[in-house]
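Accompanying notes for the structure given below.
The values are calculated or read from the model by the stated rules, or taken from the named source; none is laboratory data. No experiment lies behind these values; they were computed from the predicted model shown. When we count neighbours, we look across all protein chains shown, and the Cβ atoms used for this are built from the backbone with ideal geometry, even at glycine. Accessible surface areas use protein heavy atoms only, side chains included; no ligands, DNA or RNA. Shrake-Rupley method; radii C 1.70, N 1.55, O 1.52, S 1.80 Å.
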Amino acid sequence: MNNLRLAALNEHKKTVVTVGRARFGEGLVIIAGPCSVESEEQTMETAQAVKEAGADMLRGGAFKPRTSPYAFQGLGLQGLKILAKAREATGLAFVSEVLDTRDVSWVAEYADMLQIGARNMQNFSLLKEVGKLQKPVLLKRGMHSTLEEWLNCAEYIMNEGNGNVVLCERGIRSFETYTRNTLDLSAVPAAKELSHLPVITDPTHGTGKVSLIEPMSLASIAAGSDGLMVEVHRNPSEALSDKDQALTPQQFARLVQKARALERFMAEIP
Ligand code: PEP
Ligand code: MN
């Protein structure tokens, strides 16, 4: 992959991306929260719960890229204001997706980190727009994208001057239908041997199944992931998006305990 100039490992030291108190590239960063911001109560309650369980950052979609135009599209500006309140209440910085170039500058006034979703990974105008800011970017891998295409998208952002990029493996589409996607865990060490950027995984969208999130989170850590992003809902059966893959706060708390134990174990290995 000799077309990478800025994202390539080469002589670069490993990059650490700081978002609030989270430092991607140093220890395990755990991001948790609802798929969508649905209401102030739902978001506040979930934010408090994930904070108590040990999350480092909050997530929540205000703009949702939904398969159907009739599905819940998110609360937009109101959603970002709710996330900002949750940040104030918990001290957790938050990441939220931006879908449109026209929204980048004002979404960046609220969010601590901008998410480029899988469906927009190769939206080059959007990549250039977030590249013009210094705001950290969480770049998800497109569901049909190769490692090379993904890393070149990081290059697009960095080429505009923003080096604060974190890569997120969220599963690719395969012939398997039991899981929503196939979480490509080999992409974690592969991306890390090609690039100095931190790499995290999203076992929630990567599997689409509550029962598989914990094992694939632990497997991600064993594969060298710098962090996890998981969806948590106070009452998953009532979630307005992705209800089959939302953990309850209790399930999330247990996941954090195991993840931290594995993180400590991995750190002890010379
Ligand atoms: C999300 O994280 O809210 C999301 C929509 O994920 P993806 O872009 O990976 O499907
Ligand atoms: Mn989701």
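Numbers for the structure displayed
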item	result
Condition check for Cys168: within 16 Å of ligand 2 (Cβ to nearest atom) and under 17 Å from the mean Cα position of the chain (by Cα)	yes
Condition met for Thr46 (within 15 Å of the chain's Cα centre (by Cα) and either β-branched (Val, Ile, Thr) or more than 20 Å from Leu139 (Cα to Cα) (or both))	no
Search result, residues across segment 97-115 that are in contact (Cβ under 8 Å) with a residue 40 or more places away in the chain and closer than 19 Å to Val50 by Cα	Asp112, Met113
Residue in segment 161-169 that is assigned to a loop (DSSP other than H, G, I, E, B), over 18 Å from Ile213 (Cβ atoms) and in contact with a Lys or Arg (Cβ under 6 Å, 6 or more places away or on another chain) present	no
Scan of segment 215-249 for residues that are within 12 Å of ligand 2 (Cβ to nearest atom) and more than 17 Å from the chain's Cα centre (by Cα), ordered by number	Pro236, Ala239, Leu240, Lys243, Asp244
Residues being touching a Pro at 6+ places or on another chain (Cβ under 7 Å) and either within 13 Å of ligand 2 (Cβ to nearest atom) or without any contact (Cβ under 8 Å) to a residue 40 or more places away in the chain (or both) - total across segment 48-82	1
Residue match in segment 29-43 (condition: crowded, with 23+ Cβ neighbours inside 10 Å, among the polar types (S, T, N, Q), within 16 Å of ligand 1 (Cβ to nearest atom) and without any contact (Cβ under 8 Å) to a residue 60 or more places away in the chain)	yes
Residue list for segment 219-251, restricted to those being in a helix (DSSP H, G or I) and either out of contact with any Asp or Glu (no Cβ under 9 Å at 6 or more places or on another chain) or open to solvent by 40 Å² or more (accessible area, probe 1.4 Å) (or both)	Ala219, Ala222, Ser237, Glu238, Lys243, Asp244, Gln250, Gln251
Identity of the residue in segment 22-52, in a loop (DSSP other than H, G, I, E, B) and in contact with a strand residue (DSSP E or B) (Cβ under 7 Å, 6 or more places away or on another chain), that ends up nearest to Glu148 (Cα to Cα)	Gly25
Among the candidates Leu139, Leu197, Leu212, residue that is within 16 Å of ligand 2 (Cβ to nearest atom) and touching a residue at least 24 places away in the same chain (Cβ under 8 Å)	Leu212
Test: residue in segment 92-113 that is in contact with a Phe, Trp or Tyr (Cβ under 7 Å, 6 or more places away or on another chain), open to solvent by 30 Å² or more (accessible area, probe 1.4 Å), more than 16 Å from ligand 2 (Cβ to nearest atom) and not acidic (Asp, Glu)	no
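To keep it simple, each residue is scored yes or no on (1) modelled with pLDDT of 95 or more; (2) within 16 Å of ligand 1 (Cβ to nearest atom); (3) more than 26 Å from Val19 (Cα to Cα).
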{"site": "Asn159", "(1), (2), (3)": "yes, no, no"}
{"site": "Asn164", "(1), (2), (3)": "yes, no, no"}
{"site": "Arg173", "(1), (2), (3)": "yes, yes, yes"}
{"site": "Asp202", "(1), (2), (3)": "yes, yes, no"}
{"site": "Ser217", "(1), (2), (3)": "yes, yes, no"}
{"site": "Asp226", "(1), (2), (3)": "yes, no, no"}
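One line per residue, one yes/no per condition, for (1) closer than 21 Å to Met216 by Cβ; (2) not β-branched (Val, Ile, Thr):
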{"position": "Gln122", "(1), (2)": "no, yes"}
{"position": "Val137", "(1), (2)": "no, no"}
{"position": "Leu147", "(1), (2)": "yes, yes"}
{"position": "Ala154", "(1), (2)": "no, yes"}
{"position": "Glu160", "(1), (2)": "no, yes"}
{"position": "Gly171", "(1), (2)": "yes, yes"}
{"position": "Glu176", "(1), (2)": "yes, yes"}
